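The next block holds one structure in the form of structure tokens; read it before the comments.
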Amino acid sequence: MSEKGTLRQLFKQISRINATFTYSDGAITTADLTLGEGWEYIPQPLFTEKPVLVNRQYIDMAGYTQKDLTFFTQSVDFQKDRMPTVLNGIAVNEYDLITTRRITTAELSNMTHSVPAFLNSTLDLMECVFGEQVTYYQNTQIPAGITAVGRDVFGSGNPTASDRLHWTRIYTIDAATSPQVDPITFGASETNLVVGGLTLEEKDLVYIERLRRAYTQQRSEF
């Protein structure tokens, strides 16, 4: 590895989202998503009453791989305009994951049982550079308001020679009643991502092995 690396800052933004979910017999029948670009509703076959919203973006790092450089993440900052809001939902879990490959729809359709980068997930911990999870709970003093009650960070921090650094933002919402009858309305603000790190030139054998791992990881279409 060279003695001196180059400082880098990577940026990405995700748009706001407003969504309404209607129910019949306790299961979601319609999901109306407005205002948000790139947002998807991912049905959960095991928990049909739980809304899960996902936005999958990536930062192009092909310029680094073309120069045979490895990216070492040093800091990750998620900058949110404001906390989410929810009506007729009792709790919200917010996940932000920085990964070396795209998280598949199949993996995201099991969010209520298997969170990516943990033991039961097919996304390996080594593929998750950084993750953050925030739990919000209903605040009855504020209309549609929720309060952050917990935060955790996770991830391997692994350097990467992948040509993309993927950012996946996920919201899971717990219904207020069982079975759920009233529609759930949910809103979340725009979010900025700022990643600080170094690009370094590694020894040939180390870099070739890292490159091999990057390109044998599961890939899926956009």
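Which of the residues belonging to the stretch 45-70 are of a type in the set (Val, Ile, Thr) and either surrounded by fewer than 20 Cβ atoms within 10 Å (Cβ to Cβ) or assigned to a helix (DSSP H, G or I) (or both)?
Scanning the stretch 45-70 gives Thr48, Ile59, Thr65.
Can you name the number of the only condition in (1) modelled with pLDDT of 95 or more; (2) β-branched (Val, Ile, Thr); (3) touching a Leu at 6+ places or on another chain (Cβ under 8 Å); (4) over 22 Å from Glu37 (Cα atoms) that Val153 fails?
(3)
Please determine, by comparing only the residues of the stretch 127-171 that are outside any strand (DSSP E or B), hydrophobic (A, V, I, L, M, F, W, C) and surrounded by 14 or more Cβ atoms within 10 Å (Cβ to Cβ), which one is nearest to the chain's Cα centre (by Cα).
Only one residue tops the list, namely Ala161.
What residue, of Thr112, Thr172, Thr177, Thr99, is within 20 Å of Ala31 (Cβ to Cβ), at pLDDT 95 or above and among the hydroxyl-bearing types (Ser, Thr, Tyr)?
Thr172
Out of all the residues in the stretch 76-94, is one or more out of contact with any strand residue (DSSP E or B) (no Cβ under 7 Å at 6 or more places or on another chain) and either more than 13 Å from Gly131 (Cβ to Cβ) or at pLDDT below 95 (or both)?
Within the stretch 76-94, one or more residues are out of contact with any strand residue (DSSP E or B) (no Cβ under 7 Å at 6 or more places or on another chain) and either more than 13 Å from Gly131 (Cβ to Cβ) or at pLDDT below 95 (or both).
Looking only at the stretch 1-32, filter to residues that are under 30 Å from Lys203 (Cβ atoms) and small (Gly, Ala, Ser); which one of those is modelled with the lowest pLDDT?
So the residue we want is Ser2.
Among Tyr64, Tyr58, Tyr41, which is the only one that is at pLDDT 95 or above, in contact with a strand residue (DSSP E or B) (Cβ under 7 Å, 6 or more places away or on another chain), of a type outside the set (A, V, I, L, M, F, W, C) and farther than 26 Å from Ile146 by Cβ?
Only one candidate qualifies: Tyr58.
Kindly provide the set of residues from the stretch 16-30 that are out of contact with any Pro (no Cβ under 6 Å at 6 or more places or on another chain) and either surrounded by 13 or more Cβ atoms within 10 Å (Cβ to Cβ) or outside any strand (DSSP E or B) (or both), ordered by number.
Correct list: Arg16, Ile17, Asn18, Ala19, Tyr23, Asp25, Ala27, Ile28.
For the stretch 190-211, how many residues meet the condition of being modelled with pLDDT of 95 or more and assigned to a loop (DSSP other than H, G, I, E, B)?
1
When the residues of the stretch 175-189 are filtered to those that are part of a strand (DSSP E or B) and surrounded by fewer than 21 Cβ atoms within 10 Å (Cβ to Cβ), which remaining residue is farthest from the chain's Cα centre (by Cα)?
Here the residue is Thr185.
Would you confirm whether or not the stretch 107-123 contains a residue that is over 27 Å from Phe72 (Cα atoms) and touching a helix residue (DSSP H, G or I) at 6+ places or on another chain (Cβ under 9 Å)?
The answer is yes, given that some residue of the stretch 107-123 is over 27 Å from Phe72 (Cα atoms) and touching a helix residue (DSSP H, G or I) at 6+ places or on another chain (Cβ under 9 Å).
Please determine whether any residue of the stretch 4-15 is crowded, with 20+ Cβ neighbours inside 10 Å and in contact with a Phe, Trp or Tyr (Cβ under 9 Å, 6 or more places away or on another chain).
Here is the first cut: in the stretch 4-15, the residues crowded, with 20+ Cβ neighbours inside 10 Å are 14.
If we keep only those that are in contact with a Phe, Trp or Tyr (Cβ under 9 Å, 6 or more places away or on another chain) too, we end up with 14.
Within the stretch 4-15, one or more residues are crowded, with 20+ Cβ neighbours inside 10 Å and in contact with a Phe, Trp or Tyr (Cβ under 9 Å, 6 or more places away or on another chain).
The values are calculated or read from the model by the stated rules, or taken from the named source; none is laboratory data. Everything numeric here is computed off the predicted structure, so don't read it as measured data. For neighbour counting, all protein chains shown are included, and Cβ atoms are generated from backbone atoms with ideal geometry for every residue, glycine included.
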